[in-house]
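Below: the structure, in structure tokens.
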Amino acid sequence: MLDPNCLFCKIIERKIPATIVYEDELCLGFKDINPVAPVHVLFIPKRHIVSLAEAKEEKDLIGYILTTMARYAEIEGLEKDGYRIVNNTGKYGGQTVFHIHFHLLSGRFLLWPPG
Ligand code: 5GP
Ligand code: ZN
């Protein structure tokens, strides 16, 4: 379920601190330690899944997290000007923490395409 060596599992277990902004029985949202936008929140499942590539049986859970993020964005008033949800998978995707997570970015105009 949780991996004792995983940074984000430790955040779920409150073994390392984080600014938690959302929590329910299935997922956790917390502020990124190195924000790249005025709003930069990471949403993770409360189970250790390495990446989207590994999430083969978790269709419902992934859909749940994404729609939960949209509801969170709505509550936070981010809908008006918009926001971006990003998942980085593997080396070329730029993934650095190997517990699946979705970045919610907002509060400024975001360029496209990514570098
Ligand atoms: P990735 O590059 O894997 O998509 O994103 C990992 C994110 O986790 C990065 O944006 C990074 O700033 C964030 N991060 C890394 N370590 C910590 C930490 O200990 N606490 C928090 N809150 N965020 C972290
Ligand atoms: Zn983990």
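The values are calculated or read from the model by the stated rules, or taken from the named source; none is laboratory data. As the structure is a computational prediction, the values presented were derived from the model and not from experiment. Positions of Cβ are generated from backbone atoms using ideal geometry, with glycine treated the same way; all protein chains shown enter the neighbour counts. Remember, those area values only see protein heavy atoms, side chains included, never the ligands or the DNA or RNA. Shrake-Rupley method; radii C 1.70, N 1.55, O 1.52, S 1.80 Å.
Please specify each residue of segment 84-115 satisfying the condition of being open to solvent by 100 Å² or more (accessible area, probe 1.4 Å) and aliphatic (A, V, I, L, M). If the condition is that a residue be open to solvent by 100 Å² or more (accessible area, probe 1.4 Å) and aliphatic (A, V, I, L, M), then LEU111 is the only one that fits. Would you check which residues across segment 62-83 are touching a residue at least 12 places away in the same chain (Cβ under 8 Å) and exposed (fewer than 12 other Cβ atoms within 10 Å of the Cβ) and list them? Those that are touching a residue at least 12 places away in the same chain (Cβ under 8 Å) and exposed (fewer than 12 other Cβ atoms within 10 Å of the Cβ): ASP81, GLY82. Looking only at residues of segment 12-37 that are within 14 Å of ligand 2 (Cβ to nearest atom) and β-branched (Val, Ile, Thr), we find that the one that is least open to solvent (accessible area, probe 1.4 Å) is ILE12.
Residues checked against (1) at pLDDT below 95; (2) within 21 Å of PHE30 (Cα to Cα); (3) part of a helix (DSSP H, G or I):
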site	(1), (2), (3)
GLU57	no, no, no
TYR64	no, yes, yes
LYS80	no, no, no
ILE85	no, yes, no
VAL97	no, yes, no
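Name the pairs: first residue in segment 1-24 and under 24 Å from ARG71 (Cβ atoms) and part of a strand (DSSP E or B), second residue basic (Lys, Arg) and within 15 Å of ligand 2 (Cβ to nearest atom), Cβ to Cβ under 9 Å, at least 6 apart or on different chains? The qualifying pairs are ILE20/ARG14; GLU23/LYS46. In this structure, is HIS40 near ligand 1 (Cβ under 9 Å from one of its atoms) and either open to solvent by 60 Å² or more (accessible area, probe 1.4 Å) or touching an Asp or Glu at 6+ places or on another chain (Cβ under 6 Å) (or both)? Spelling it out, HIS40 is indeed near ligand 1 (Cβ under 9 Å from one of its atoms) and either open to solvent by 60 Å² or more (accessible area, probe 1.4 Å) or touching an Asp or Glu at 6+ places or on another chain (Cβ under 6 Å) (or both). The residues of segment 83-115 that are among the small types (Gly, Ala, Ser) and touching a helix residue (DSSP H, G or I) at 6+ places or on another chain (Cβ under 9 Å), listed by number, are GLY90, GLY93, SER106.
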